[in-house]
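Chemist: Below you will find the structure I want to go over with you.
The values are calculated or read from the model by the stated rules, or taken from the named source; none is laboratory data. Not measured: the values here are computed from a predicted model. Heads up, the Cβs are rebuilt from the backbone with ideal geometry, glycines too, and the neighbour counts pull from every protein chain shown. The area values use the complete protein model at the heavy-atom level, side chains included, leaving out ligands, DNA and RNA. Shrake-Rupley method; radii C 1.70, N 1.55, O 1.52, S 1.80 Å.
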Amino acid sequence: EAAVTQSPRSKVAVTGGKVTLSCHQTNNHDYMYWYRQDTGHGLRLIHYSYVADSTEKGDIPDGYKASRPSQENFSLILELASLSQTAVYFCASRTSNSGNTLYFGEGSRLIVV
Amino acid sequence: GDQVEQSPSALSLHEGTGSALRCNFTTTMRAVQWFRKNSRGSLINLFYLASGTKENGRLKSAFDSKERYSTLHIRDAQLEDSGTYFCAADTNAYKVIFGKGTHLHVLP
C-alpha cells in the first residue's frame, strides 16, 4: 500500500511567519504534488515535481515555494504566511508509469492568525 | 486555463436509489480519476480511466476524452456512500487538476 506522510498534521501560524509543510513518500514515486483545499474550491494545485531537485508551478503558486531535495521528500514553504493561506493542504505522489492514480497524504490543517 | 467543471455541487439520494455525477473538461484530457473524501478527511481513489468504462461494486465510471466528459454512477446508494466526491483530470504527463467536488448525502 502506497504511503504518503505529511507533517505537521495541524498547525497554527502567525501572520508574517514562516511555515514549512513536509511530505515524505516511501513508494519510490517520481511525481509529487501539493494541493490546497478550501470550501467551495475543491483541490487546487500549488506546486508539483516530476523529478528530484526540480519543481513546477501549479495553478496557484503565488505566496508558496516548493522544494524537492530527494525523490522521497517534497516540502511546501510559506515564507510570509497570510490569513488567506488558512486551508487544508494535501500532498500526493504517483509513479511515472501510465495508468497510475494519485496517492494522498492525510492532509495538513493550517490556520493563520 | 484548463478547467474541470463538476456537477452537481450537492446531491441528496434516498437509500437504494442511484444517480450520476459528471465532470466536463474545457480541453482534451489524458485520463480521469475519481476520489471520495472519507469521514477522516482522506482522499480515497475510486477509479482511474484513460478511456472507456470501469465498474466496481455499485460504482461505475466512464470517460470520453473526445467528448470531454466523465461520469460516476452510483446505484443502490447506502448511507456510508455519503461524502464528497471529486473528479481529477490529467492535463499532460504530470499535471492533475480537480473539480470542485460533489457533496453527496444519502438519506435513510
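Chemist: Ranked by accessible surface with a 1.4 Å probe, highest first, in what order do A:V113, B:V106 come? Please list the in-between numbers first.
Modeler: Numbers: A:V113 95, B:V106 5 Å².
Largest to smallest exposure gives the sequence A:V113, B:V106.
Chemist: Calculate the FRET efficiency for B:L79 and A:N28 from the Cβ-Cβ distance with a Förster distance of 35 Å, rounded to the nearest 0.05. The partial results should precede the final answer.
Modeler: Values: r = 38 Å, r/R0 = 1.08.
For B:L79 and A:N28, the calculated efficiency is 0.40.
Chemist: Now for a separate question. Tell me, what is the 1.4 Å probe accessible area of B:H73, in Å² to the nearest 10?
Modeler: Looks like 90 Å² after rounding.
Chemist: Sticking with this one: Given just the C-alpha atoms of region B:4-107, how large is their convex hull per residue in cubic angstrom?
Modeler: Details: hull volume 8.9 nm³, N = 104.
Residue-normalised Cα hull volume stands at 85 Å³.
Chemist: Sticking with this structure for a sec: Using a 1.4 Å probe on the protein chains only, how many percent of the accessible area of chain B belongs to carbon and sulfur? Write out the running numbers ahead of the final one.
Modeler: Working: 2320 of 5190 Å².
After summing per-atom areas, the C and S share lands at 45 percent.
Chemist: Let me ask something additional. Considering only the other residues whose Cβ falls under 12 Å of the Cβ of B:L43, what net charge follows from Lys and Arg at +1 and Asp and Glu at -1?
Modeler: That works out to +2.
Chemist: Also, quick follow-up: What is the magnitude of the charge dipole of chain B about its Cα centre, with +1 placed on the Cβ of each Lys and Arg, -1 on the Cβ of each Asp and Glu, and no other charges, expressed in debye to the nearest 20? Walk me through the numbers on the way to the answer.
Modeler: On the way: 13 positive and 10 negative charges, 41 e Å.
My answer is approximately 200 debye.
Chemist: Taking only C-alpha pairs under 8 Å that are 6+ residues apart, what is the relative contact order of chain A in percent? Numbers along the way, then the final one.
Modeler: Values: 297 pairs, mean separation 40.2, N = 113.
In percent, rounded to a whole number, it is 36.
Chemist: Another question, if that's okay. Tell me, what is the per residue accessible area of region B:4-107 in Å², probe radius 1.4 Å? Intermediate values should be presented prior to the final figure.
Modeler: Numbers: 4800 Å² over 104 residues.
Ligands and nucleic acids excluded, the figure is 46 Å² per residue.
Chemist: Enter the Cα centre distance for the pair region B:34-67 and region A:54-107, rounded to the nearest angstrom.
Modeler: With region B:34-67 and region A:54-107 each reduced to a Cα centre, they are spaced 22 Å.
Chemist: What FRET efficiency would be calculated for the residue pair A:L80, B:Y94, taking the C-beta separation as r and a Förster radius of 35 Å, to the nearest 0.05? Don't skip to the answer; put the middle values down first.
Modeler: Values: r = 28 Å, r/R0 = 0.80.
The pair A:L80/B:Y94 has a calculated efficiency of 0.80.
Chemist: If you don't mind, there's one more thing I want to ask. Run the Debye formula on the Cα coordinates of the protein assembly as shown, all scatterers equal and no solvent, and tell me log10 I(q)/I(0) at q = 0.08, 0.12 1/Å.
Modeler: Once normalised to I(0) and log-transformed, intensities are -0.28, -0.63.
Chemist: What does the structure give for B:98-106 when I average, per residue, the other chain Cβ atoms found within 10 Å of the residue Cβ? Walk me through the numbers on the way to the answer.
Modeler: Values: counts 10, 2, 7, 6, 1, 0, 0, 0, 0.
Taking the mean over all residues of the peptide, I get 3.
Chemist: Let me ask something else. I need two numbers for chain A: Rg to one decimal and Dmax as a whole number, Cα atoms only, in Å.
Modeler: 13.2, 42
Chemist: Once Rh is set to the Kirkwood radius over Cα pairs, what Stokes-Einstein translational diffusion coefficient, in µm²/s, holds for region A:29-81 at a temperature of 25 °C and a viscosity of 0.890 mPa s?
Modeler: Details: Rh = 11.3 Å.
So the translational diffusion coefficient is about 216 µm²/s.
Chemist: Continuing with the same structure: If you count the DSSP beta bridges with both ends in chain B, what percent of them are antiparallel, to the nearest 5? Before the final figure, lay out each step's value.
Modeler: Working: 40 of 45 bridges.
Restricted to chain B, the bridges split so that about 90 percent are antiparallel.
Chemist: What is the set of long-range amide H partners of B:S12 at a cut-off below 5 Å, with H atoms built 1.01 Å from backbone N?
Modeler: Hits under the 5 Å cutoff: B:H105.
Chemist: Sticking with this one: On a full-extension model of 0.36 nm per residue, what is the gain between B:S42 and B:T26, subtracting their alpha-carbon distance, rounded to one decimal in nm? It would help to have the intermediate numbers written out before the result.
Modeler: Numbers: separation 16, 0.36 × 16 = 5.76 nm, distance 2.74 nm.
Between B:S42 and B:T26, full extension yields 3.0 nm more.
Chemist: Right, next: What's the average, rounded to a whole number, of partner chain beta-carbon atoms within 10 Å of each residue's beta-carbon in A:37-49?
Modeler: Numbers: counts 7, 1, 2, 3, 3, 13, 11, 3, 6, 0, 0, 3, 1.
Mean shielding count: 4.
Chemist: Mind listing the phi-derived Karplus ³J(HN,Hα) values for region A:7-21, rounded to whole Hz, using 6.51, -1.76 and 1.60 with θ = phi - 60°, and x for any glycine or proline?
Modeler: 8, x, 7, 8, 7, 10, 10, 8, 3, x, x, 9, 10, 10, 9
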